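Note sheet for the following structure.
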Amino acid sequence: MSAAAAASVCEYVVRQIVDDPDAVAVAQSDTDGGIRLDVTVGDGDMGRVIGKRGRVAGAIRTVVRAAGVDDEIGSIEVEFVD
Amino acid sequence: MEWVETTAKTTAEAKESALDRLGVHEDDAEFEVVSEAKTGLFGRVKEDARVRARVRPATPRAKDDRRRRSKGGGRGSRGQGRDNGGSRNSGNRGSGNRGQGNKGQGNKSDRNKSSGNGGSGPDKGRSQDKGRSHQDGRSHQEGQGRAGRTDSTRSTDRSKKQERSVTDNEATMPLPEQADIAQEFVAGLAERFGASVDFVREDVADDEIRITVNGDDLGRMVGRRGNTAVAIDELVRTVLQRQAGSSRDGRVRVDIGGVRARRTEALANFCREQAALVRESGMARALEPMGGADRKVTHDTIADEDGVDTISEGEDPNRRVVIVPAGDA
């Protein structure tokens, strides 16, 4: 099921947090040991997604990885692309 | 010694609303800035200032200056032999009562008399100080021995600030609505995790709703050592911040699988053990740095223990609680 759960959780969470949900995009690519999700958000929403001291970003990564655990896809990287 | 914790856009405003909660004057409260208001990365994210405050522990004072409106009754030197110590201790939280004053109270030159004139309702006690000080400008009586001039200045300041905070509150979303948002968010998340869940909602305090998420397949949403559950709670907070506004009151906690409750209990037990060690040894013990929520558990737990107090040291994320023998705080 190829990381669908992780990507879907990622997009869902980010869309809930930003001011402009329609500007959210999650692009998935393969890496050596797993997959990588590149998240882009609308102007001005990056701060929200990252949060103070990266707390929100950290929480998103934790939750997204948890969602992908069953997928046997190895590591899941979540990058927030500015 | 009860601490209240408040948040606002600036530390000054947070202090103000803490004072409103405690119902005391600034001079009679102790503050601890838990975190400054911060503008986050890219100038966008605003983290509200967080301030803790409590009524300053009783210290003997000149008689003339005894006009404190303490919240925590039952401390010996507080309120004794005062005209209305008892009645004003009740229910000071409702800050809306402030400043409406009992006109006419200021005319009583005899303090005992003023306590005796019942019949003006339960609010009488707590609004009495304000009522008097409002009157001070016009009908201050020499016999009261109160610092009339400064009082009335202060109370004018306070009523101004009162108005401001009332305006701020207009945008506040009621807690149950916030809980709806939180629950909806978690439901959507659980669906994407492939878990079927149900929710139990509890009012754990006036200003806190706990949503416990139950289900069969929650392992992944809890995570190792509850890490994922904590992350989800963090996300809930962020979602609420965006959807309910930053001036929201109270707190919605999401507890996946009840792990937080179990963890809190374990932390409380640990704190009681540490408190016992401090009591026996007379030596302060510093705990590991903890997040604000855990520190609150620690403070609250220790507050119920005899012979020990807590203080907080350092700055987040390395802020920690130190358990000290009572009196050393």
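The values are calculated or read from the model by the stated rules, or taken from the named source; none is laboratory data. Since this is a predicted model, take the numbers as computed values, not measurements. No Cβ is skipped: glycine too gets one built from the backbone with ideal geometry, and neighbour counts run over all protein chains shown.
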Taking the range B:241-263 and keeping only residues that are surrounded by 17 or more Cβ atoms within 10 Å (Cβ to Cβ), over 19 Å from the mean Cα position of the chain (by Cα) and within 21 Å of residue B:297 (Cβ to Cβ), one is left with B:254, B:255, B:256, B:257, B:259, B:260, B:263
Restricted to the range A:1-29 and to residues being modelled with pLDDT under 90 and out of contact with any Gly (no Cβ under 8 Å at 6 or more places or on another chain), the residue surrounded by the fewest Cβ atoms within 10 Å (Cβ to Cβ) is A:1
Picked from the range A:61-82 (must be within 7 Å of chain B (Cβ to nearest Cβ) and of a type in the set (A, V, I, L, M, F, W, C)), the residue farthest from residue A:14 (Cα to Cα) is A:69
| query | Are any of the residues in the range A:30-53 under 25 Å from residue B:218 (Cβ atoms), among the small types (Gly, Ala, Ser) and either touching a residue at least 12 places away in the same chain (Cβ under 8 Å) or out of contact with any strand residue (DSSP E or B) (no Cβ under 9 Å at 6 or more places or on another chain) (or both)? | reply | yes
Taking the range B:278-298 and keeping residues more than 21 Å from the chain's Cα centre (by Cα) and surrounded by 14 or more Cβ atoms within 10 Å (Cβ to Cβ) leaves B:278, B:279, B:284, B:285, B:286, B:287, B:289
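Would you tally the residues in the range B:220-261 being part of a loop (DSSP other than H, G, I, E, B), more than 9 Å from every other protein chain (Cβ to nearest Cβ) and at positive phi? Let's see the steps before the verdict.
To start, the set of residues in the range B:220-261 that are part of a loop (DSSP other than H, G, I, E, B) comprises B:223, B:245-250, B:257-258.
Subset that is more than 9 Å from every other protein chain (Cβ to nearest Cβ): B:245-250, B:257-258.
Next, only the ones that are at positive phi stay: B:245, B:250, B:257-258.
Of the residues in that region, 4 qualify.
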Within the range A:57-82, of all residues that are closer than 16 Å to residue A:20 by Cβ and in contact with a helix residue (DSSP H, G or I) (Cβ under 7 Å, 6 or more places away or on another chain), the one modelled with the lowest pLDDT is A:82
**Prompt:** Could we say that residue A:56 is in contact with a Ser or Thr (Cβ under 6 Å, 6 or more places away or on another chain), within 13 Å of another protein chain (Cβ to nearest Cβ), among the β-branched types (Val, Ile, Thr) and under 27 Å from residue B:244 (Cβ atoms) here?
**Reply:** yes
Reported set for the range B:192-219 where residues are among the charged types (D, E, K, R) and in a helix (DSSP H, G or I) is B:192
